Amino acid sequence: MSSEAAPNQGSWAARNVMSGPDIDRALTRIAHEIIERNKGASDVLLLGIPTRGVPLATRLAAKIRHVEPDAGGTDLLGQLDITMYRDDLHHGPVRTVKSTVIPPEGIDDRIVVLVDDVLFSGRTVRAALDAIKDLGRPRAVQLAALVDRGHRRLPIRPDYVGKNLPTSVDERVKVNLTEIDGTDAVVIAQPETQDSGPVVPEAGQ
Amino acid sequence: MTSAHIPNGEGSVLITNVSIVGYERKDVLIDDGVIVDIAAPGALAQDESVAEATVIDGAGLIALPGLVDLHTHLREPGREDAETVESGTRAAAAGGFTAVHAMANTSPVQDTAGVVEQVARLGDEAGWVDVFPIGAVSIGLAGEQLAELGAMADSAARVRVFSDDGKCVADPVLMRRALEYVKAFDGVIAQHAQEPRLTENAQMNEGIVSAEIGLAGWPAVAEEAIIARDVLLAEHVGSRLHVCHLSTAGSVEIIRWAKSRGINVTAEVTPHHLLLTDELARTYNPIYKVNPPLRTEADVEAVREGLADGTIDIVATDHAPHPREDKDCEWAAAAFGMTGLETALSVVQQTMVDTGRMTWADVARVLSQNPARIGRVNEGPRAQGRPIAVGEPANITLIDPQAERPVDAAEQQTASTNSPLHGRTLPGAVMATFLRGRATVLDGQPVARTDKSAS
Amino acid sequence: MRHLLSTSDLSLEEAVRILDTTAQMAATQEREVKKLPTLRGRTVVNLFFEDSTRTRISFETAAKRLSADVINFSAKGSSLSKGESLKDTALTLKAMGADAVIIRHQASGAPYTLAHAGWLDAPVINAGDGTHQHPTQALLDAYTIRRHLMGETMGEPDSIGVVGKDLSGLKIVIVGDVLHSRVARANVYLLSTLGAQVTLVSPPTLLPVGVETWPCQISYHLDEAIDQVQPDAIMMLRVQRERMSSAGGGFFPSPLEYTRIYGLDAKRLGRLPEHAIVLHPGPMNRGLEISAQAADSPRSVIVEQVANGVAVRMAVLYLLLTGESSAGTAAHPTGKENS
């Protein structure tokens with residue numbers, strides 16, 4: 001039914017790579033970098049990519065507003081569902097389409113910061129860029145990811161990274177967030193048996 | 001069992017150790033088409049004619065009098081793409097029949113002496129079973145003007161059963177005249193009971209299933225109203241009525257009432273109405289489209305009960321072959337009808353014998369003796385439906401009641417494949433059929449006559 | 001869900017999922033760029049054996065908004081009228097590489113046969129078959145009802161806020177020719193699956209024998225039903241004038257008497273609860289089953305139903321044409337359920 005990967009199951013050996021405080025510190029730094037890079041945050045619009053990009057963007061928005069109360073005008077935060085722009089809809093189960101929320105006045109001339117949990121192959125970001133193109137014409141599009149695990153398959157690089165995490169392709173990176181998973185942690189899981197099949201690179205999904 | 005060729009009614013056959021209509025085991029000796037002796041197993045061994053006889057081991061088998069179908073559509077002339085007299089009667093023999101009554105809705109319609117004689121002749125040439133043509137009640141089955149019933153009765157085909165089957169003789173005056181007219185030669189009107197106005201565009205039984213799946217309903221009352229009218233007409237004019245393929249609990253009640261009043265009515269049920277229900281229409285597979293339609297579980301129970309208690313006199317197949325394209329389409333566009341000659345006996349065994357409701361002697365009554373009597377073919381040179389007794393014509397069907405056989409429509413002898421039982425496994429198998437001493441089926445396989453050119 | 005043939009096949013979960021997806025599709029249709037790349041490269045066939053410009057255009061729009069290629073196949077002659085048989089049409093579509101077939105047919109069950117006879121591998125969507133089912137119509141009705149009546153404020157439309165909700169607690173009255181109505185059948189099963197309490201109001205001649213087993217209440221009197229049920233939504237079915245008064249077999253004495261007893265006029269509209277909405281699958285017979293005042297009143301969501309039809313059909317196409325089972329028809333062996 002849903003597009004989320006199943007939580008770590010028996011055949012995976014998991015290891016914590018970021019704790020709750022680690023995540024919080026990383027987000028604080030990213031919030032400051034966004035303000036700094038854009039010389040203030042008045043035109044910034046954070047678009048979280050469902051599922052876990054949304055609470056991350058929400059947290060970033062709070063941190064940015066803490067520094068700059070007027071950041072983003074009335075709308076600093078939105079969300080961008082990229083399901084219908086994916087190029088892999090024929091694989092796996094049918095994906096649930098989620099909401100896209102943008103300011104009523106649109107995204108034209110805004111500095112859009114895409115927020116996702118894990119950057120991997122880059123396909124999600126490509127789909128997000130296509131989706132943005134249909135929504136309007138932002139002044140710039142930037143990318144924030146809590147974890148960059150490498151193995152890019154498209155010419156895409158992040159502007160803001162919480163943690164660079166060298167991984168092997170068959171490992172699985174799972175971001176747990178309190179809002180969804182009840183706890184904050186980043187976990188790397190490694191297959192103990194080979195019967196789980198290959199892990200398709202799908203950042204954050 | 002040996003597969004030796006047995007000429008047409010010549011030579012002798014000894015069936016050993018066979019249970020006659022389910023009773024004790026006997027040896028049955030056939031010579032020149034007649035049953036010449038029945039004795040305890042082994043007792044005939046000394047008889048010198050036995051030495052030359054072809055011996056058939058009947059151990060484990062049941063001998064029934066050759067089955068007689070009062071309701072078969074052979075489709076020839078006119079729809080040879082669905083069935084021919086040759087293929088239909090071969091299927092009949094494979095199903096254990098030694099006689100069939102060929103329904104009148106051919107093209108041209110069997111409404112003149114010429115056409116009924118043609119069908120009878122085709123039957124003789126095929127030689128698998130005796131073919132008794134049924135004459136149409138009205139010219140062209142149009143329900144307007146009586147066909148020449150007398151001419152058909154007097155013809156070489158000696159027609160005694162008249163029916164517009166496929167269509168109802170709906171006009172009460174025409175029905176009354178027909179019932180009266182056939183009294184002159186002891187005929188019978190076999191009515192397809194379907195009130196036409198109540199069944200316009202009807203597709204299936206009207207009820208819970210039709211309401212849900214949105215197919216136009218064929219209400220039980222459309223059948224019952226005609227049966228009620230006809231039994232009263234038959235009583236009024238003192239004639240003989242036969243009700244084709246009754247299918248509802250209400251119809252059984254009406255027949256029961258009519259018989260209790262002494263009305264001269266007989267009734268038939270088809271194998272499919274003994275077994276199948278309208279739930280099958282949920283598949284929209286037109287293989288289950290038939291007229292009258294498959295009814296409910298309660299109706300199935302009622303016709304089984306009616307058959308067991310004698311209210312329903314016979315089982316008749318209403319074997320209705322159709323070419324594949326007439327069933328390979330959406331339900332509403334499909335033809336009504338299903339084949340049945342090769343599965344009828346098995347369905348009766350499954351629904352009536354294996355359930356303990358009837359004995360094999362009862363089966364002989366409803367599938368041989370009664371239909372022959374209703375069709376008035378139980379006497380004369382081609383007497384059918386006679387008991388298995390010394391001096392009687394050797395029309396015998398041997399069945400293996402223990403057999404379990406899968407039904408494969410494509411493997412059947414009929415030229416069509418519209419069997420609703422395709423894919424099911426049925427009990428009982430016809431191992432041999434003898435038509436006046438000649439084996440038309442041996443080892444479960446049809447045996448072509450050697451004195452006719454291959455066709 | 002491999003095909004969409006009947007609402008009686010849908011579980012509560014599946015039905016809610018379609019409505020939820022519809023809500024997201026509807027949201028995309030408020031944007032300037034309405035086209036989505038989702039079904040690019042896939043071919044959807046509109047196979048219409050029966051004229052219905054409205055339904056065909058709705059499906060066509062839905063497919064095009066998802067970037068699918070659309071082939072309109074108007075098969076006027078069915079095997080009923082001795083034209084090309086359904087089977088040959090199906091084999092033709094298979095050869096043309098149809099990824100989904102939307103079928104409208106005058107024979108009940110034709111979509112089922114198309115889906116199950118083994119002639120075709122593609123998903124089949126029933127766009128109305130005979131007097132059987134019209135599932136996308138019922139889904140758009142349910143979607144419209146949910147939007148208006150399941151939000152925080154009854155009567156105020158809300159699409160996204162009601163995501164995940166069913167129709168529990170709602171009372172819905174459906175009025176008219178139930179006997180011949182695929183819309184009524186589709187709605188009775190869907191709305192009851194979604195938890196609504198459905199009451200059919202119809203003259204006894206226009207109710208099928210066997211209706212008593214349906215998951216709904218039956219009434220012969222509209223006034224009584226309005227007063228007793230106090231429906232949250234009332235759906236008027238289209239009545240065909242020619243069914244009314246044919247000699248000896250008409251289902252009703254006269255159109256006038258029908259309107260008097262079963263028509264929705266301003267007076268009856270006024271007796272509905274304030275938040276109640278009025279639906280009609282269209283096309284309407286103004287002055288027969290619904291008066292102009294009722295059809296044009298603020299309670300009427302009839303025009304909105306049409307717009308929601310596109311979103312519902314986008315959702316159905318999306319759900320049937322994506323995911324593992326939809327990938328490449330060639331990879332799947334031919335089903336042979338019937339032979």
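What do you get for Rg/Rh of the protein assembly as shown when both radii come from the Cα atoms and Rh is the Kirkwood radius?
Values: Rg = 36.8 Å, Rh = 33.1 Å.
Using only Cα positions, Rg/Rh for the protein assembly as shown is 1.11.
Among the listed pairs A:LYS63/A:LYS174; A:LYS39/A:LYS133; A:LYS133/C:LYS64; A:LYS98/C:LYS165, give every one whose C-alpha distance is greater than 21 Å. Flagged as over cut-off: A:LYS63/A:LYS174; A:LYS39/A:LYS133. The mean of 1/r over all pairs of different alpha-carbon atoms in segment B:369-417, once inverted, gives a Kirkwood hydrodynamic radius of 13.7 Å. Magnitude of the charge dipole for chain C, about its Cα centre and with charges confined to Cβ atoms of Lys, Arg (+1) and Asp, Glu (-1), is about 760 debye. Loop-resident GluC sites (Glu not before Pro) (DSSP state other than H, G, I, E or B) in segment C:1-104 with no more than 11 further Cβ atoms inside 10 Å of their Cβ: C:GLU30, C:GLU32.
Placing +1 on each Lys and Arg Cβ and -1 on each Asp and Glu Cβ, with no other charges, gives segment B:66-374 a dipole about its Cα centre of roughly 660 debye.
Each part gets one Cα centre, and for segment B:320-377 versus segment A:155-194 those centres are 69 Å apart.
Judged by the gyration tensor of its Cα atoms, with axes a ≥ b ≥ c, segment B:149-209 is prolate; a/c meets the 1.5 cut and a/b is the larger of a/b and b/c. Size descriptors for segment C:15-146, from the alpha-carbon set: Rg then Dmax equal 15.1, 47 Å. Converting the Cα gyration tensor eigenvalues of segment B:301-348 into ellipsoid dimensions via √(5λ) gives semi-axes, longest first, of 28, 12, 8 Å. Candidate cross-link partners of C:LYS171 among the lysines, defined by an alpha-carbon separation under 24 Å and a same-chain spacing of 8 or more, comprise C:LYS267. In terms of the Cα gyration tensor, with a ≥ b ≥ c the square roots of its eigenvalues, is segment A:4-120 rounded because a/c is under 1.5, prolate because a/b exceeds b/c, or oblate? Here segment A:4-120 falls in the oblate category. Based on every Cα atom in segment B:66-374, Rg and the maximum pairwise Cα distance Dmax equal 17.8, 51 Å.
Modelled spin-label separation between B:ILE139 and C:HIS275, with each label point placed 7 Å from Cα along the Cα-to-Cβ direction: 7.3 nm. For segment C:135-304, compute the orientation-averaged projected area of the C-alpha convex hull (one quarter of its surface), in nm². Value for segment C:135-304: 9.1 nm². Taking every DSSP bridge with both residues inside the protein assembly as shown, close to 35 percent are antiparallel.
Look at the dipole of the protein assembly as shown built from charges on Cβ: of B:GLY96, B:GLN384, A:HIS32, the Cα furthest out on the positive end belongs to A:HIS32. In terms of its C-alpha gyration tensor, segment A:131-182 has an oblate overall shape, because the principal axis ratio a/c (a ≥ b ≥ c, square roots of the eigenvalues) is not below 1.5 and a/b does not outweigh b/c.
Taken about its Cα centre, segment C:156-269 carries a charge dipole of roughly 320 debye when the Cβ of each Lys and Arg holds +1 and the Cβ of each Asp and Glu holds -1.
Go through C:PHE59, A:ALA185, C:GLY164 and say which Cα lies farthest out towards the positive end of the charge dipole of the protein assembly as shown; charges sit on Cβ, +1 for Lys and Arg, -1 for Asp and Glu. Sorting the options by dipole projection puts first A:ALA185.
Placing unit charges on each Cβ (+1 for Lys and Arg, -1 for Asp and Glu) gives the protein assembly as shown a dipole about its Cα centre, and among B:ALA147, C:THR131, B:LEU275 the Cα reaching farthest toward its positive end belongs to C:THR131. Residues whose amide H falls under 5 Å from that of B:ILE20, counting only those 5 or more places apart or on a different chain, are B:LYS26, B:ALA63, with hydrogens built in the peptide plane. Ellipsoid semi-axes for chain C, based on the Cα gyration tensor and the rule √(5λ), read 33, 24, 17 Å when sorted largest first. Just to confirm my numbers, what's the Cα centroid distance between segment B:380-446 and segment B:66-133 in Å? If we compute the Cα centre of each part, the gap is 16 Å.
If one computes the Cα centroid of segment C:189-209 and of segment A:60-94, what distance in Å separates the two points? Segment C:189-209 and segment A:60-94 have Cα centres spaced 44 Å from each other. Between the helical axis of C:53-65 and the longest alpha-carbon principal axis of chain C there is an angle of about 50 degrees. Identify all aspartates and glutamates with a Cα-Cα distance to A:LYS163 below 15 Å; exclude those on the same chain that are fewer than 8 residues away in sequence. Those aspartates and glutamates meeting the cut-off are A:ASP22, A:ASP24, A:GLU33, A:ASP116, A:ASP117, A:ASP148, A:ASP184. For B:LYS259, the lysines whose Cα falls under 22 Å of its own Cα, not counting residues fewer than eight places away in the same chain, are B:LYS183.
Computed from the coordinates by the stated procedures, all read-outs in this text should not be read as laboratory data. On a predicted model such as this, the values are computed, not experimentally measured, just so you know. Cβ: placed from backbone, ideal geometry, glycine included. Neighbour counts: every protein chain shown.
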